[in-house]
Amino acid sequence: MGNAILQVTNLHKEYISEITYKALNGIDFQLQQQEFVAVMGPSGSGKQHF
């Protein structure tokens, strides 16, 4: 494969309220040309605020 157009290393995302919810914990990936990524989840799960 060619060079990555996007590389993510050790990505973390937390939502904090009365409790802390880890949505992403240590995510690594590379996106190559002609590939795509989708953020999916049920209604109200925070996709828009990612």
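Only the coordinates and a few stated rules stand behind these numbers; no lab work does. Remember, predicted model here, so these are calculated numbers, not experimental data. Note that each Cβ is placed from the backbone with ideal geometry, even for glycine, and that neighbours are counted across all protein chains shown.
When Cα extents along the principal axes in Å is computed from the coordinates, the matching label among [x] 48, 17, 15; [y] 42, 23, 16; [z] 44, 23, 12 is [z]. Here's how it looks for residue 23: its modeled amide H is under 5 Å from those of 13, 14, 15, which are all 5 or more places away or on a different chain. The modelled label-to-label distance for the pair residue 24/residue 12, using points 7 Å beyond Cα in the direction of Cβ, is 1.4 nm.
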